[in-house]
1. Starting from residues that are surrounded by 19 or more Cβ atoms within 10 Å (Cβ to Cβ) and farther than 21 Å from residue 87 by Cβ, keep the ones in region 190-224 and report whichever is modelled with the lowest pLDDT.
2. Need the failing condition index for residue 98 against (1) under 22 Å from residue 169 (Cβ atoms); (2) more than 13 Å from the chain's Cα centre (by Cα); (3) in a helix (DSSP H, G or I); (4) touching a residue at least 60 places away in the same chain (Cβ under 8 Å), just the number.
3. If you scan region 202-226, which residues turn out to be in contact (Cβ under 8 Å) with a residue 40 or more places away in the chain and more than 15 Å from residue 37 (Cβ to Cβ)?
4. Can you pull out the residues in region 186-230 that are in contact with a helix residue (DSSP H, G or I) (Cβ under 9 Å, 6 or more places away or on another chain) and at positive phi?
5. In contact (Cβ under 8 Å) with a residue 12 or more places away in the chain and either over 22 Å from residue 108 (Cβ atoms) or exposed (fewer than 15 other Cβ atoms within 10 Å of the Cβ) (or both): does that describe residue 78?
6. It is to be established whether one or more residues within region 119-126 are in a helix (DSSP H, G or I), crowded, with 16+ Cβ neighbours inside 10 Å and out of contact with any helix residue (DSSP H, G or I) (no Cβ under 7 Å at 6 or more places or on another chain).
7. Here is a list of conditions, (1) exposed (fewer than 15 other Cβ atoms within 10 Å of the Cβ); (2) more than 28 Å from residue 34 (Cα to Cα), and residue 96 meets all of them except one; can you say which number that is?
8. Go through region 52-75 and report how many residues are farther than 21 Å from residue 112 by Cα, exposed (fewer than 14 other Cβ atoms within 10 Å of the Cβ) and within 26 Å of the chain's Cα centre (by Cα).
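The values are calculated or read from the model by the stated rules, or taken from the named source; none is laboratory data. Quick caveat, the model's predicted, so the values are computed rather than measured. So basically every Cβ, Gly included, is an ideal-geometry build from the backbone, and we count neighbours across all protein chains shown.
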């Protein structure tokens, strides 16, 4: 029996491409990503909610255009800070898989997306407040079904805005990164109604502690649902990145 292997046979073995594993799912990374979004949103969106409550208790409903614009500006600034907090929490997970992605790059992209999203999100309520200060009657009450449907549509729009700056950062490191924009739109289509449901879940006369706990649970649920949905896209993108890098490693 011939136990010798020719140089040509060795060359054929080395140049034969290795089959890529189709198992792209990583439970540990997915759970870490979801937890990062829960913590980031609880701290970030919780801070925004606390600032909003403080303004309502100290100022009340805006009675002039200047006050309405000032309150909108404060909320937009707080929302941008939320983006910084969420972006940092997400980067703590991303840095282990995309080592060249700097903290400043990801946090800045997330903060820009949050600033744009909060600016767009505050526009309708600010315009309504300005209209009311001019003496117009208040808008009619909407049913819960309509309210949550509109919240989902808002989530699609704002999720797209949130994801676009992050996509610009991701596309330098992963191919097919445009998926990230659509994943954010889908994630916030679910997460935004959860926020609205939590905001109106406390009954009239509930204690401040009960209201605070309800809001925190709702924000955590929103963060979990958002992280769970666009976490799937993240795993897919990272798997593609790994598969594309493998031939280069083998050639080296």
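1. The qualifying residue modelled with the lowest pLDDT is 198.
2. (3)
3. First, pick out the residues of region 202-226 that are in contact (Cβ under 8 Å) with a residue 40 or more places away in the chain: 215-216, 219-220, 222-224, 226.
Within region 202-226, 215 is the sole residue that qualifies.
4. none
5. Details: in contact (Cβ under 8 Å) with a residue 12 or more places away in the chain: yes; either over 22 Å from residue 108 (Cβ atoms) or exposed (fewer than 15 other Cβ atoms within 10 Å of the Cβ) (or both): no.
When the stated conditions are applied, residue 78 does not pass them.
6. no
7. Of (1) exposed (fewer than 15 other Cβ atoms within 10 Å of the Cβ); (2) more than 28 Å from residue 34 (Cα to Cα), only one is false for residue 96: (2).
8. Summing the residues that are farther than 21 Å from residue 112 by Cα, exposed (fewer than 14 other Cβ atoms within 10 Å of the Cβ) and within 26 Å of the chain's Cα centre (by Cα) in region 52-75 gives 1.
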